[in-house]
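Heads up: the structure comes next, in structure tokens.
None of the figures in this text is laboratory data; all of them are computed from the coordinates on show. Remember, it's a predicted structure, so these values are computed and weren't measured experimentally. Neighbour counts are summed over all protein chains in view; Cβ atoms, including those assigned to glycine, are modelled from backbone coordinates with ideal geometry.
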Amino acid sequence: MQQNIYIISKFKLNKNQVIALFLFIIVMIFTVSALHTSLSKNNPRLAWESAEIVVPQSLLKQILSQKSTRYLDISSIKVMRISSQDTGNLYIFDYGSPQLCGVGGCLYSVYNPKGKVLLEFIANPYLPPKEKLLQVSEIVNQGFPCLNITQSTDTDKLLSQTEFCYQQGKYIRLNQDFVSGGKNE
């Protein structure tokens, strides 16, 4: 081991080699950083977060004033923030309130940064393991990504996947596919 250290200590670089090595390291750092940034923009990590943290307070107050439920607990509201191209963020609300749930599921709303409702839907959040209620498509229409909503069906091991895309100021339903998947246990 000492022989290797002795060999490394004898290794000498001239001034031009040091500069070339330094530039190479800087270029590699820049390349890795740019690649990481590009990949993180193309594959956003979607997660439900507290509405009080994610949504601007003025927008949150505006949205809550539109819901007629007095007993809506702000701390139970979860929001998924989705970046869109040049149009600001989309905010998908999961109100987490029994007043906004029924036999078919719970109310979810999609808002733009100005507080306009782009889509409201009722969905059952209880899906088989590894299935996501909501996925953002790579397809973008008029600056907003399409949304895919997955739901269980009455048929064993069959899931419904519905695609909604932005068109003329709101999200509209485009497709519905059925795929095999596990049932809730």
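Annotations for the structure displayed:
- Convex hull volume per residue in cubic angstrom - Cα atoms of region 95-185: 113
- Taken along the Cα-to-beta-carbon direction at a fixed 7 Å, the label points for GLN17 and SER50 span 5.6 nm.
- Phi to ³J(HN,Hα) by Karplus 6.51 cos²θ - 1.76 cosθ + 1.60 over region 54-66, Hz, x for Gly, Pro: 7, 8, x, 4, 5, 5, 4, 4, 4, 5, 5, 5, 6
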